[in-house]
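*Asks:* I am attaching a structure below and will ask some questions about it afterwards.
The values are calculated or read from the model by the stated rules, or taken from the named source; none is laboratory data. These numbers come from a predicted model, not from an experiment. We place every Cβ from the backbone using ideal geometry, glycine too, and count neighbours over all the protein chains shown.
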């Protein structure tokens with residue numbers, strides 16, 4: 001079977017998961033779509049191959065698919081999260097990996113690991129496995145950066161919108177701690193430094 005046909009087949013199964021995610025939480029699906037667009041842009045800057053970019057796009061598009069398994073009392077909570085809420089929310093990356101495996105997607109193991117590890121931190125204090133540095137899969141390190149950006153740049157139920165200068169300051173402060181410093185610097189260059197703004201989502205694809 002031709003590589004493009006295989007990819008289209010994977011996209012078909014992925015689309016089914018998109019529908020499920022949208023039915024569960026449309027805001028999460030929209031967030032994932034923006035993260036996928038930004039991730040592909042950063043992946044290109046990293047020199048990823050076409051196949052790697054396709055895998056990155058799929059992993060980023062479904063990095064939060066595990067939120068399908070998070071109860072509404074937490075997923076759609078408008079107020080501040082309690083410690084118990086965060087413990088529940090943190091399970092979404094592992095749930096997402098299991099969903100990808102169950103879907104039987106080609107390259108599901110690679111996609112599942114990218115999803116499982118997108119909340120690891122470069123300094124080893126993230127979750128679920130406490131991986132550090134380049135122990136964290138490259139696709140997961142890319143998604144971690146674009147996910148963090150969108151969480152700050154777009155209004156969300158459980159997070160506040162931040163102005164561009166504050167986003168830049170956060171990224172600078174977290175280089176080498178939360179994020180891969182080389183990738184973080186590349187990302188800031190990609191989206192224009194202090195001119196960070198919503199239109200960068202569309203231009204990154």
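*Asks:* Please report, ordered by residue number, the helices (runs of 4 or more DSSP H) entirely within segment 1-76 with at least 1 residues that are under 26 Å from residue 141 (Cβ atoms) and at pLDDT 90 or above. Write out each step before concluding.
*Replies:* Numbers: elements: 3-24, 26-45, 50-61, 72-75.
Correct list: 26-45, 50-61.
*Asks:* Which condition from (1) crowded, with 17+ Cβ neighbours inside 10 Å; (2) in a loop (DSSP other than H, G, I, E, B); (3) modelled with pLDDT of 95 or more; (4) touching a helix residue (DSSP H, G or I) at 6+ places or on another chain (Cβ under 6 Å) is the one that residue 131 breaks?
*Replies:* Condition (4) is where residue 131 drops out.
*Asks:* Next question, about the same structure. Could you figure out which of (1) buried (at least 20 other Cβ atoms within 10 Å of the Cβ); (2) under 14 Å from the mean Cα position of the chain (by Cα) isn't true of residue 122?
*Replies:* Here residue 122 meets the rest and fails (2).
*Asks:* Sticking with this one: Answer with yes or no whether residue 84 is part of a helix (DSSP H, G or I) and either touching a strand residue (DSSP E or B) at 6+ places or on another chain (Cβ under 6 Å) or surrounded by fewer than 14 Cβ atoms within 10 Å (Cβ to Cβ) (or both).
*Replies:* Values: part of a helix (DSSP H, G or I): yes; either touching a strand residue (DSSP E or B) at 6+ places or on another chain (Cβ under 6 Å) or surrounded by fewer than 14 Cβ atoms within 10 Å (Cβ to Cβ) (or both): yes.
Criteria met by residue 84.
*Asks:* Another question, then. Tell me, yes or no, whether segment 142-149 has at least one residue that is surrounded by 21 or more Cβ atoms within 10 Å (Cβ to Cβ), within 21 Å of residue 34 (Cα to Cα), touching a helix residue (DSSP H, G or I) at 6+ places or on another chain (Cβ under 8 Å) and modelled with pLDDT under 90.
*Replies:* No, every residue in segment 142-149 fails to be surrounded by 21 or more Cβ atoms within 10 Å (Cβ to Cβ), within 21 Å of residue 34 (Cα to Cα), touching a helix residue (DSSP H, G or I) at 6+ places or on another chain (Cβ under 8 Å) and modelled with pLDDT under 90.
*Asks:* Return the total of residues in segment 87-104 being in a helix (DSSP H, G or I), surrounded by fewer than 16 Cβ atoms within 10 Å (Cβ to Cβ) and at pLDDT below 90.
*Replies:* Counting residues in segment 87-104 that are in a helix (DSSP H, G or I), surrounded by fewer than 16 Cβ atoms within 10 Å (Cβ to Cβ) and at pLDDT below 90 gives 2.
*Asks:* Residue by residue through segment 102-142, note down the ones that are touching a residue at least 60 places away in the same chain (Cβ under 8 Å) and more than 22 Å from residue 61 (Cβ to Cβ).
*Replies:* Result: no residue meets the conditions.
*Asks:* Next up: For the structure I just gave you, tell me whether residue 71 is within 25 Å of residue 185 (Cα to Cα) and surrounded by fewer than 22 Cβ atoms within 10 Å (Cβ to Cβ). First the steps, then the outcome.
*Replies:* Working: within 25 Å of residue 185 (Cα to Cα): no; surrounded by fewer than 22 Cβ atoms within 10 Å (Cβ to Cβ): yes.
In short, no.
*Asks:* Okay, next question. Only one of 200, 169 is at pLDDT 80 or above, in a helix (DSSP H, G or I), over 21 Å from residue 119 (Cβ atoms) and out of contact with any helix residue (DSSP H, G or I) (no Cβ under 7 Å at 6 or more places or on another chain); which? Show your work before the answer.
*Replies:* On the way: 200 fails: at pLDDT 80 or above.
Every option except 169 fails the conditions.
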